[in-house]
Amino acid sequence: MKFLEKNLVEFNVDVTSPDEAIRAAGKLLVGEGLVEEGYVDAMVQSYHENGPYFVLAPQIALPHARPEDGVIEASVSFLQLANPIVFGSASNDPVKLVFALGASSSNEHLEILQKLMTLLNNQENVQKLMDITSYTEMEQLLGGMES
Amino acid sequence: MKILCVCGLGQGTSLILRMNVDNVLRQLGIQADVDNTDVSSASSERPDLIITSNELAESLSGHPSKIVIVNNYFDLNEIKEALESHFN
């Protein structure tokens, strides 16, 4: 399981569309060998087919596809967007934080979602994720969460 | 009481919702059978309650089960209020 490790996190990323945001977050997972390239296409396709339901809280998107679309290891990457992007979600637009989820069918899938929920169920953490500018600060945030 | 949490693929988003719904039900002391699935499977199921997002609630309009909308899946208070409004 790879959860928001250094190579899976980027700050102040400049994208201009939802597709580009999903692809940029997915590319981080591909780069670490956690999902196949086709998984990224499947995430974009799911957005086009099922709409922006995965914008599941104000400013937070969690694009993902199915395990069988090419997940190698349960994983989550993170993009902090330089400019908020409209995904078409009536209640939660615009998106500032993108977490790409490599959804595995193993028990690790539950564990990784649990970690994500511990992080995002806390509104203070969400605000920090908007404000931080370096991985050092990210580590502090994740470290504080576990203690 | 059967509750179904619904998202587009039934993999990630609905599972997060389900875990938080479980948390809230525990707080409220309500016993229920909570499951998660994708929107197309949901149309053939008949739970007592469906919990989903605004967008997917539209695609489920006409479904015989009662539908509750949650906008922020990480806001336990919103989930609690949505569930309480159903149970009261």
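The contact residues of the range B:34-55, meaning those that lose at least 40 Å² of 1.4 Å-probe accessible area when all protein chains sit together rather than their chain alone, are B:Glu55. Coupling constants for the range A:33-40 follow from the phi torsions by the Karplus curve (6.51 cos²θ - 1.76 cosθ + 1.60, θ = phi - 60°), and in residue order they are x, 9, 9, 7, 4, x, 5, 5 Hz; glycine and proline get x.
Mind grabbing the interface size between B and A? I mean buried accessible area, both sides, 1.4 Å probe, in Å² to the nearest hundred. Roughly 2100 Å².
Distance cut-off 20 Å, Cα to Cα: go down the list A:Lys2/A:Lys96; A:Lys115/B:Lys2; A:Lys6/A:Lys128 and report the pairs above it.
Among A:Lys2/A:Lys96; A:Lys115/B:Lys2; A:Lys6/A:Lys128, the Cα-Cα distance tops 20 Å for A:Lys2/A:Lys96; A:Lys115/B:Lys2.
The separation of the range A:1-28 from the range A:36-90, counted between C-alpha centres, amounts to 10 Å. Based on protein heavy atoms only, the range A:2-139 ends up with 42 Å² per residue of surface accessible to a 1.4 Å probe. Normalised per residue, the accessible area of chain B is 43 Å², obtained with a 1.4 Å probe and no contribution from ligands, DNA or RNA. Divided by 2.2 N^0.38 Å, where N counts the residues, the Cα radius of gyration of chain B comes to 0.95. Here the contact order of chain B, divided by its residue count and restricted to Cα pairs under 8 Å and six or more residues apart, works out to 33 percent. Between A:Ser17 and A:Glu137, the modelled labels are 3.1 nm apart [label points 7 Å from Cα along Cα→Cβ]. The Kirkwood radius of the protein assembly as shown, taken over pairs of alpha-carbon atoms, gives through the Stokes-Einstein law at 25 °C and 0.890 mPa s a diffusion coefficient of 138 µm² s⁻¹. With a 1.4 Å probe rolled over the protein heavy atoms of all chains, the accessible area of A:Phe11, A:Phe3 falls in the order A:Phe11, A:Phe3, largest first.
Give the carbon-plus-sulfur fraction of the accessible surface of the protein assembly as shown in %, rounded to a whole number; probe 1.4 Å, heavy atoms of protein chains only. Ligands and nucleic acids excluded, carbon and sulfur give 42 percent. Between the amide H of B:Cys5 and those of B:Asp35, B:Asn36, B:Thr37, B:Ile51, distances stay under 5 Å, these residues lying 5 or more places away or on another chain, with hydrogens modeled in the peptide plane. Just for the protein assembly as shown, what percent of DSSP beta bridges are antiparallel, to the closest 5? So the antiparallel bridges amount to about 30 percent of the total. Based on DSSP H segments of at least four residues, each scored -39500 (n - 2.57), chain A has a per-residue ellipticity at 222 nm of -13500 deg cm²/dmol.
In the range B:1-30, the residues whose accessible area drops by at least 30 square angstrom when the other protein chains are added to the isolated chain are B:Gly8, B:Leu9, B:Gln11, B:Gly12, B:Thr13, B:Leu15, B:Ile16, B:Met19; the probe is 1.4 Å and only protein heavy atoms count.
In the assembled protein chains, B:Thr13 presents an accessible area of approximately 0 Å² (probe radius 1.4 Å). Counting heavy atoms of the protein chains alone, B:Ile30 has an accessible area of about 50 Å² for a 1.4 Å probe.
Remark on the range A:2-139: Rg and Dmax equal 13.5, 37 Å (Cα only).
Would you mind checking the tilt of helix B:13-28 against the longest principal axis of the Cα atoms of chain B, expressed as 0 to 90 degrees and rounded to 10? Tilt relative to chain B: about 30 degrees. Of all beta bridges that DSSP places with both ends in the range A:2-139, some 55 percent have antiparallel geometry.
The values are calculated or read from the model by the stated rules, or taken from the named source; none is laboratory data. Treat the numbers as computed from the prediction; the structure is a model and nothing was measured. Methodologically, a virtual Cβ is constructed for each residue, glycine included, from the backbone with ideal geometry; neighbour enumeration extends over all protein chains shown. Keep in mind that these areas ignore ligands, DNA and RNA; they rest on the heavy atoms of the full protein, side chains included. Shrake-Rupley method; radii C 1.70, N 1.55, O 1.52, S 1.80 Å.
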